[in-house]
1. Run the simple label-point estimate for C132 and A186 please: 7 Å along Cα→C-beta, distance reported in nm.
2. At a 1.4 Å probe radius, carbon and sulfur cover how many percent of the accessible area of the range 29-100?
3. So what is the accessible area of the range 89-211 per residue, in Å², with the probe set to 1.4 Å?
4. With Cβ to Cβ distances under 15 Å as the rule, what net charge do the other residues near S102 carry (K, R +1; D, E -1)?
5. Grab the Cα-Cα distance for N40 and S140, subtract it from 0.36 nm times how many residues apart they are, and report the gain in nm with one decimal.
6. Quick check: at a probe of 1.4 Å, how many percent of the accessible area of the range 119-211 sits on carbon and sulfur atoms?
7. Let me spell out the model: positive unit charges on the Cβ of Lys and Arg, negative unit charges on the Cβ of Asp and Glu, origin at the Cα centre of the chain. What dipole size does that give, in debye rounded to 20?
8. Just grab the label-to-label distance for R27 and E55, each label 7 Å out from Cα along the Cβ direction, in nm (one decimal).
Amino acid sequence: MRLVLVGPPGSGKGTQARRLCERKGLRYIGTGEILREAVNQGTEVGRAAKPYLLEGKLVPDQLVNDVVAELFNREQPRNFVTDGYPRTVDQAIAFDRILRHSVLGLDAVINFTISDDDVVRRISGRWVCPVCKRVYHMVSNPPRVAGICDVDGAKLVQREDDQESTVRKRLAVFHSTVDQLLAYYAGLGLLYEVSALDLPEVIYDNIMKIL
Ligand code: AMP
């Protein structure tokens with residue numbers, strides 16, 4: 001199974017991506033996570049990406065395409081779900097090229113629909129586990145013990161770019177490229193939609209129905 005998840009920050013696509021990985025054995029490919037780790041480790045990629053991440057802007061296509069191409073060269077995953085990649089048509093075209101190189105094609109692109117105001121409301125309650133990267137929400141998907149990861153007991157943290165002003169910027173950036181991206185995948189007959197407002201379990205079932 002080879003899936004691309006598209007949606008604004010806070011649409012719950014990360015939660016669904018992880019669920020799909022756990023239940024269907026897919027490789028998780030989250031470019032945001034890869035870039036944040038590169039920033040934390042101070043690698044060359046991290047140093048180049050850092051200013052964009054801090055401002056909630058898209059890192060240049062070439063940089064993120066190289067990161068994904070390198071992952072495919074190294075691991076050659078055959079079954080995967082991407083979270084936050086591709087974000088532009090240029091990235092989608094580059095990704096097609098990467099997949100063709102591995103003689104692979106996509107099965108579906110799933111667009112998570114949600115309004116900007118709902119996104120802002122949601123993100124302000126979002127906490128992540130720094131160890132296993134599981135995402136929680138204080139209202140809609142809380143951990144069993146407040147502030148503590150269910151899986152490994154680590155103390156949950158908030159992402160630096162999850163503050164409202166940065167989220168609004170990230171939403172504007174998302175809207176500036178997403179329509180063209182969706183049109184590209186619609187043209188290939190790969191595009192499906194789920195409402196991001198349903199409960200996580202319902203969204204998962206809706207994704208399963210699509211597949
Ligand atoms: P995310 O965790 O997907 O919200 O990504 C966090 C940040 O990483 C974004 O605000 C961008 O700065 C950067 N980023 C992640 N994926 C991409 C991508 N496909 N293209 C450009 N920038 C990206």
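The values are calculated or read from the model by the stated rules, or taken from the named source; none is laboratory data. The structure displayed is predicted, hence computed values, not measured ones. We place every Cβ from the backbone using ideal geometry, glycine too, and count neighbours over all the protein chains shown. The area values use the complete protein model at the heavy-atom level, side chains included, leaving out ligands, DNA and RNA. Shrake-Rupley method; radii C 1.70, N 1.55, O 1.52, S 1.80 Å.
1. About 3.9 nm, to one decimal.
2. Values: 1730 of 3640 Å².
Carbon and sulfur: 47 percent of the exposed surface of the range 29-100.
3. Working: 6730 Å² over 123 residues.
Accessible surface, normalised per residue, equals 55 Å².
4. Details: positive: R2, R27, R74, R78, R97, R100; negative: E70, E75, D96, D107.
Neighbour charge sum, excluding S102 itself: +2.
5. Numbers: separation 100, 0.36 × 100 = 36.00 nm, distance 2.91 nm.
This chain segment gains 33.1 nm when fully extended.
6. Values: 3010 of 5350 Å².
Using a 1.4 Å probe with all protein chains present, the range 119-211 comes out at 56 percent carbon and sulfur.
7. Numbers: 28 positive and 27 negative charges, 80 e Å.
It works out to roughly 380 debye.
8. Reported label-point gap for R27 and E55 is 3.3 nm.
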